[in-house]
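Peer 1: Let me begin by handing over the structure; questions about it come next.
The values are calculated or read from the model by the stated rules, or taken from the named source; none is laboratory data. This one's a predicted model, so the numbers in the text were calculated from it and none came from an experiment. Neighbour counts run over all protein chains shown; Cβ positions are idealised from the backbone, glycine included. The accessibility values were calculated without ligands, DNA or RNA, using every heavy atom of the protein model including side chains. Shrake-Rupley method; radii C 1.70, N 1.55, O 1.52, S 1.80 Å.
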Amino acid sequence: LCNSETTKNDFLKYYPKYPEKDVEVTYLGVDLEKKEVNIDNVLPKDYKERGYLLYMGGGINRSKNSTGVIKGYAKFLKLLESKKGKLPEKIHNKPPYLVIAGGQFQNQELKEVQELNELIEEEGIKESVIFTGFYGDDQKYSLLTNAFAFIHLSLYEGFGLSPIEALRAKVPAILHKNPVYEELFSDVAKMVNGENPDEVGEAIYDICTTPVRYRKQIEQAYEYSLKFTWERTAKLTYEVLENDF
């Protein structure tokens, strides 16, 4: 059983003698309760005024491409500055935050975490980047639904739980064109080259400054996300096992 066509293709690439007819795809499910709770303990007091771009479900290993998120966000801030006078003054004085959610990003003993903090310093964006640390499972929906956009630029994934959660929370998603994200999300997300900071920055800028452009896609993405349920995964898994055994 594989959790995507991408995973199936990878499996068969490394095990070419395995019978393809015995490899089945059963997509995973998402369980996200649409209930807002208080998130003031993990975000700055002015998060509603300034807004924020949310990076959630990432990690410190290099394949997650957290550096791509930081570099793209830095380019976004430079774009905002270059458009000064053409946009509301408020957005220049207090641009949206980049919120990086997850406890692993606060372990300063890890070299990868140190490198991310050094990059933030180099880009001169320390005051605009917020690390939430650990957050409660019950806070996930609120963190997502209050963001102006969700970003995930992972270079490789087997599936994509976090992007589906974002779609379920009706948040525009900016995703790297890795194989499984193109398989699953090419019609319902803003697809970018996550290794190109300029392209990423432009995508963030477009969603931030022209949100009305994405309303239809948000609704389509929400409807699409509803197909990924654990009930459906269980049913498909049962059917495979029943037919094969």
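Peer 1: Any idea how many residues of the range 78-105 are under 19 Å from the mean Cα position of the chain (by Cα) and part of a helix (DSSP H, G or I)?
Peer 2: First, pick out the residues of the range 78-105 that are under 19 Å from the mean Cα position of the chain (by Cα): 96-105.
Those left that are additionally part of a helix (DSSP H, G or I): 103-105.
Here the count works out to 3.
Peer 1: Could you give every pair whose Cβ atoms fall below 9 Å, whose first residue belongs to the range 226-245 and is over 26 Å from Ala169 (Cβ atoms) and of a type outside the set (Ser, Thr, Tyr), and whose second residue is loosely packed, with under 11 Cβ neighbours inside 10 Å and at pLDDT 95 or above, counting only separations of at least 6 or pairs across chains?
Peer 2: none
Peer 1: Evaluate the range 89-106: report whether one residue or more is in contact (Cβ under 8 Å) with a residue 60 or more places away in the chain and open to solvent by less than 10 Å² (accessible area, probe 1.4 Å).
Peer 2: Yes - at least one qualifying residue is present in the range 89-106.
Peer 1: Given the condition open to solvent by less than 60 Å² (accessible area, probe 1.4 Å), of a type in the set (A, V, I, L, M, F, W, C) and either part of a helix (DSSP H, G or I) or modelled with pLDDT of 95 or more (or both), answer yes or no: does some residue in the range 44-53 qualify? Give the derivation first.
Peer 2: Initially, the range 44-53 is screened for residues open to solvent by less than 60 Å² (accessible area, probe 1.4 Å), giving 44, 46-47, 50-53.
So of that shortlist, the ones also of a type in the set (A, V, I, L, M, F, W, C) come out as 53.
Those left that are additionally either part of a helix (DSSP H, G or I) or modelled with pLDDT of 95 or more (or both): 53.
Yes - at least one qualifying residue is present in the range 44-53.
Peer 1: Can you tell me which residue in the range 56-66 is nearest to the chain's Cα centre (by Cα), limited to those that are surrounded by 18 or more Cβ atoms within 10 Å (Cβ to Cβ) and under 13 Å from His176 (Cα atoms)?
Peer 2: At the first step, the residues of the range 56-66 found to be surrounded by 18 or more Cβ atoms within 10 Å (Cβ to Cβ) are 56-58, 64-66.
Narrowing the set further to residues that are under 13 Å from His176 (Cα atoms) leaves 58, 64-66.
Values: Gly58: 8, Lys64: 10, Asn65: 11, Ser66: 11 Å.
Result: Gly58.
Peer 1: Follow-up question, since we're still on this one. Check off (1) assigned to a loop (DSSP other than H, G, I, E, B); (2) open to solvent by 70 Å² or more (accessible area, probe 1.4 Å); (3) under 19 Å from Phe134 (Cα atoms) for Leu32 and give me the number that stays unchecked.
Peer 2: (2)
Peer 1: Residue check: is Lys17 in a loop (DSSP other than H, G, I, E, B) and either of a type in the set (S, T, N, Q) or open to solvent by 10 Å² or more (accessible area, probe 1.4 Å) (or both)?
Peer 2: Details: in a loop (DSSP other than H, G, I, E, B): yes; either of a type in the set (S, T, N, Q) or open to solvent by 10 Å² or more (accessible area, probe 1.4 Å) (or both): yes.
Judged against the criteria, Lys17 is a match.
Peer 1: Which of the residues spanning the range 26-69 are within 18 Å of Tyr156 (Cα to Cα) and aliphatic (A, V, I, L, M)?
Peer 2: Filtering the range 26-69 for residues within 18 Å of Tyr156 (Cα to Cα) gives 27-28, 55-69.
Within the range 26-69, Leu28, Met56, Ile60, Val69 meet the criteria.
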